[in-house]
1. Taking 0.36 nm per intervening residue step and subtracting the Cα-Cα distance, what contour gain separates Thr81 from Asp150 on full extension?
2. What ranking do Arg97, Arg18, Arg132 get, fewest neighbouring Cβ atoms within 10 angstrom at the top?
3. Quickly work out the Ile138-to-Ile39 label distance, labels modelled 7 Å from Cα along the C-beta direction, and quote it in nm with one decimal.
4. Taking 7 Å along the Cα-to-C-beta vector as the label spot, tell me the Asn26-Tyr120 distance in nanometres, rounded to one decimal.
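Rule-based calculations on the coordinates, nothing more; no lab input. This structure is a prediction, so every number in the text was calculated from the model and none was measured. Quick reminder, even Gly has a Cβ in these numbers, built from the backbone with ideal geometry, and neighbours come from all protein chains shown.
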Amino acid sequence: MKSGGGGGGRRRRRSGGRSQPMAEINVTPMVDVMLVLLIIFMVAAPLLTVGVPVELPKTAASSLPSETEEPLAVTITADGTVTIMTTEVEMDELVNRLRAIAVERADDRIFLRADGAVPYQTVAQVMGALNRGGFSSIGLVTDSGGPALDGADGG
């Protein structure tokens, strides 16, 4: 009563001496590589932000929605230095540089990062320059956890 046990015997007989090509793709190594790349990008993404150190003021405002184009950031440091992304710019050249950048960009959104110690007058002047430079949607970048000014402690 030996009726075989499925196709196990046939497979052994057919491969007797010669190698058959494998028709299945092993995706495990590809998944391993993709997970490693995902971890690398998750670690590297926070390091790709603008590298000018400023002490941002704290507010209780919520974050702006993200966009597809890389956000353009103008930073005012505590000593009054103005930078576009990581390039230092003189105040009298700011409008001309911004106009040149605005021509190349599809979005008119720009983020202003100002140190908390910078006088309001300087921030207002730079905001006016941003507007004259062609950027009408100006987002002020702050740190979260500041006072909500509603009697509750923000953190």
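1. Difference between extended and current length: 21.4 nm.
2. Values: Arg97 17, Arg18 6, Arg132 13.
If I rank by nearby Cβ atoms, fewest first, I get Arg18, Arg132, Arg97.
3. In this crude label model, Ile39 to Ile138 measures out at 4.4 nm.
4. For Asn26 paired with Tyr120, the spin-label model returns 6.8 nm.
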